[in-house]
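Peer 1: Could you have a look at this structure, given as structure tokens, before my questions?
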Amino acid sequence: MGLQRASTQRRPRALRQKSWGNLVTSKACNSVVPLRPRGEDAQAMAPTVPMISIDESVGQSVAAYAEADRLFALQSTRLLHSAESEDFDRITRLAAQFFDVPTVLVSLVSADAQWFKSRIGMEAEQTERNVAFCHFAIQNSSVMVVEDATLDDRFKSNRLVTGELGIRFYAGAPLITSKGHALGSLCVIDYVPRKFSPLQCRQLQDMAQLVMAQIELFQASVRMHDVTRLPNRAQWALDLNALAALGDTGPHTLVLVDVMSHNSVQNALLAVGIRSVEITLRLVAARLQEILAGRSPLYHVSDTRFAFVLRGSDAAAQEAVIGQILLDLHRPIQAGSHFVELEIECGAVVFDSSAKDTSDVLRKATSAMYQAERAQLPFMMYNASFDHLHKRIYEMLRAVPAALIDGEFRLVYQPKLDVALGRFTAVEALIRWRSPKWGVVSPGEFIPATENTSAIHLLTEWVLHAALAQTALWQTQGLYTTVAVNVSARNLEHPQFVQTVRNACRLHGVDPRHLDIECTENAVLTGDRTLDVLRQLRDLGCQISLDDFGIGYSNLACLQTLPVGLLKIDQSLVNTITEDYRAWTLLQSLISLGHTLGYRMLAEGVENAEVFSLLADAGCDAMQGYFLSKPIESVEVLSFMRNQRQVLLALPRRDTASGFSPLV
């Protein structure tokens, strides 16, 4: 059967299914409800947006890249194969009457077909794109007019012209979004040649704007992400709560994928601008849709995070599916002339859609994602134990300010041995927290969490004042010693930190020369601002030490510019030197390197006499550790320093040529 025109009287779409020769047809499509299962045997969710394939060559030409972006904008409207709409049909009827034509179409042009959202006088629901007049119409910003298709080289051999349908006249106004994407056209068609005046072109454009207004209203009814036009977090929450109402009860798995870290986004914004970042996110979204291939709708729930839902709760099966999805997503994405390597973190959680409250599902998936990042795993399934850890840390962070006021924190001090002098000359202030609620809280638990918040400034300032107040008290008792205070990179980045240190020293009457600022070996220490702060502290008279040396981000260039006087070798490099020759060789090399660059070297974690002897023989300038002294209470420091002779006599004896001779 050839192509046929339809009666202008509209009939239900389900009654108009015919085969039109080589014309592509499809079954009637009911409206797709997000997250609704396709059937009892379906193992995934029904897609709300038809999928497209993004060819890996996208970006090799401007035209190909623009087309990929246009197709993504089209599928994000969720209009393709959507239900009939009287709002659109009203416009096609008006256009047919106004221009006195038998056929009017609201055509949406996809990768390989044009699909009619609304139509008058056309039986078929879609045609192949390669014969569509609208394929040409969307390449223009103005109305495309073909007065006689048999005289137009583009169409005179087209089967829609030469065949039974017999199109002779066509005028199409492109449907262009606010971002310049041509989705399709509003076109009027006749089967005899005719003229179309400039006034009629403007009138057709006005009607096309009415169609665009309806498209925007349709999109507004579904909450969309501004960049990708995918359903956003609000729509996801609505759809999730609707699962049970739709009868899709039972276990489901929410998968949350973060594709770019915050630092990567910031660097990209500075390097290539926001438009390139947005284009990359759209390409990522398109890749994810391609990978999901109808198993689930895709949601854009935050700047760089996407979510989708899979049916079922079989952990092994779901992990296999998710693992394959992540593997496919890791393939580089080409954006223009650049290839983008994604930094993917993923968390997943099994939930029951029949539960009354699903509002906590996204939080649990986020918790699993953070836990995967900490464990350096591609992804993790949610475990209830994660909640205990996160809630405990959150509550602790909120409790820090009040705990400082209530006196729950105190300082203990670990003596440092100067090997050359053969005596203890300094102490390191170490914070301790005894909470009425949690008991003794390990510094390894609350300090890393605090360093990620502004509470680190309160904590560091308290430590600074407490240590200097204690130092001042010792000085009135005749003990002049240096006290080391640990500060974070975040402290050093604070614009008032140097002034805070200066004021604290003045307030307590302590010469800055008796204060040692210990900062961790961190990449941020190579920043100009941080280096300037360290130089100002050094010029103030403070001693500067680099903590945890050897396990962080140090490089030779960094060591040449850091204004520090002492490098503290991390205990992880010290505690194996008696058993591992390579570790011992490395440690000797570090000490030699530090001396060559003009630094004094201190070893942390000296736990036994053998380690002590090896370090002394290697020329280590200073040491601290439990073999020498555990951290002691402030009231014990004065007695320890005055009576350190007993401690020193117990140490292994070395002659002065070997490096250690206790001063007794």
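Peer 1: With the condition kept exactly as written, say whether any residue in segment 159-181 is surrounded by 14 or more Cβ atoms within 10 Å (Cβ to Cβ), more than 19 Å from Ala113 (Cα to Cα), touching a Gly at 6+ places or on another chain (Cβ under 6 Å) and in contact (Cβ under 8 Å) with a residue 60 or more places away in the chain.
Peer 2: No.
Residues checked against (1) open to solvent by 40 Å² or more (accessible area, probe 1.4 Å); (2) touching a residue at least 60 places away in the same chain (Cβ under 8 Å):
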site	(1), (2)
Ala384	yes, no
His388	yes, no
Met396	no, no
Ala403	no, no
Leu411	no, yes
Gln414	no, yes
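Peer 1: Would you check which residues across segment 97-120 are touching a Gly at 6+ places or on another chain (Cβ under 6 Å) and either under 24 Å from Thr177 (Cβ atoms) or surrounded by fewer than 18 Cβ atoms within 10 Å (Cβ to Cβ) (or both) and list them?
Peer 2: Within segment 97-120, Pro102, Ser107, Leu108, Val109 meet the criteria.
Peer 1: What's the number of the only condition in (1) touching a strand residue (DSSP E or B) at 6+ places or on another chain (Cβ under 8 Å); (2) farther than 15 Å from Ser82 by Cα that Arg119 fails to meet?
Peer 2: (2)
Peer 1: Is it fair to say Ser435 is among the small types (Gly, Ala, Ser) and open to solvent by 20 Å² or more (accessible area, probe 1.4 Å)?
Peer 2: No.
Table: residues versus (1) under 37 Å from the mean Cα position of the chain (by Cα); (2) open to solvent by 20 Å² or more (accessible area, probe 1.4 Å); (3) in contact (Cβ under 8 Å) with a residue 60 or more places away in the chain.
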residue	(1), (2), (3)
Leu562	yes, no, no
Gly565	no, yes, no
Tyr581	no, yes, no
Ser589	no, yes, no
Leu597	no, yes, no
Arg600	no, yes, no
Ala609	no, yes, no
Phe612	no, no, no
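Peer 1: When only residues in segment 227-280 that are part of a strand (DSSP E or B) and among the hydrophobic types (A, V, I, L, M, F, W, C) count, which is farthest from Pro332 (Cα to Cα)?
Peer 2: Result: Leu254.
Peer 1: Specify the residue that is most open to solvent (accessible area, probe 1.4 Å); the eligible residues are those in segment 479-510 that are among the aliphatic types (A, V, I, L, M) and closer than 20 Å to Thr425 by Cα.
Peer 2: Per the stated criteria, the residue is Leu479.
Peer 1: Conditions first: (1) farther than 17 Å from Val412 by Cβ; (2) surrounded by fewer than 18 Cβ atoms within 10 Å (Cβ to Cβ). Leu473 passes all but one, so which condition is the exception?
Peer 2: If we test Leu473 against (1) farther than 17 Å from Val412 by Cβ; (2) surrounded by fewer than 18 Cβ atoms within 10 Å (Cβ to Cβ), just (1) comes out false.
Peer 1: Still on this structure: Pick from segment 120-143 the residues that are touching a residue at least 40 places away in the same chain (Cβ under 8 Å) and of a type in the set (A, V, I, L, M): which of them is farthest from Met207 (Cα to Cα)?
Peer 2: Filtering segment 120-143 for residues that are touching a residue at least 40 places away in the same chain (Cβ under 8 Å) and of a type in the set (A, V, I, L, M), the one farthest from Met207 (Cα to Cα) comes out as Ala124.
Peer 1: Somewhere in segment 367-379, is a residue surrounded by 14 or more Cβ atoms within 10 Å (Cβ to Cβ), assigned to a strand (DSSP E or B) and among the small types (Gly, Ala, Ser)?
Peer 2: Checking segment 367-379: not a single residue is surrounded by 14 or more Cβ atoms within 10 Å (Cβ to Cβ), assigned to a strand (DSSP E or B) and among the small types (Gly, Ala, Ser).
Peer 1: Hey, another quick one. Could you look through segment 258-309, keep only residues that are of a type in the set (Val, Ile, Thr) and over 16 Å from Val227 (Cβ atoms), and pick out the one that is most open to solvent (accessible area, probe 1.4 Å)?
Peer 2: Once the filter is applied, the top-ranked residue is Ile291.
Peer 1: Can you tell me which residues in segment 75-96 are under 23 Å from Met224 (Cα atoms) and either touching a strand residue (DSSP E or B) at 6+ places or on another chain (Cβ under 6 Å) or open to solvent by less than 60 Å² (accessible area, probe 1.4 Å) (or both)?
Peer 2: Gln75, Ser76, Thr77, Arg78, Leu79, Leu80, His81, Ser82, Ala83, Ser85, Phe88
Peer 1: Any idea which of His494, His508 is at pLDDT 95 or above and over 16 Å from Ile544 (Cα atoms)?
Peer 2: Result: His508 is the single residue among His494, His508 that is at pLDDT 95 or above and over 16 Å from Ile544 (Cα atoms).
Peer 1: Could you tell me which residue of segment 79-102 is modelled with the highest pLDDT, considering only residues that are among the hydroxyl-bearing types (Ser, Thr, Tyr) and farther than 15 Å from Met207 by Cα?
Peer 2: Ser85
Peer 1: Okay, moving on. Does Gln571 count as in contact with an Asp or Glu (Cβ under 9 Å, 6 or more places away or on another chain), open to solvent by less than 30 Å² (accessible area, probe 1.4 Å), modelled with pLDDT of 90 or more and not aromatic (Phe, Trp, Tyr)?
Peer 2: Answer is no for this residue.
Peer 1: Then there's this: Please give the number of the condition Ser185 fails out of (1) open to solvent by less than 10 Å² (accessible area, probe 1.4 Å); (2) of a type in the set (S, T, N, Q); (3) free of Cβ contacts under 8 Å to residues at least 24 places away in the same chain.
Peer 2: Failed condition: (3).
The values are calculated or read from the model by the stated rules, or taken from the named source; none is laboratory data. Just so you know, these numbers come straight off a predicted model, no measurement behind them. Every residue, glycine among them, receives a Cβ derived from its backbone with ideal geometry; neighbour counts consider all protein chains shown. Remember, those area values only see protein heavy atoms, side chains included, never the ligands or the DNA or RNA. Shrake-Rupley method; radii C 1.70, N 1.55, O 1.52, S 1.80 Å.
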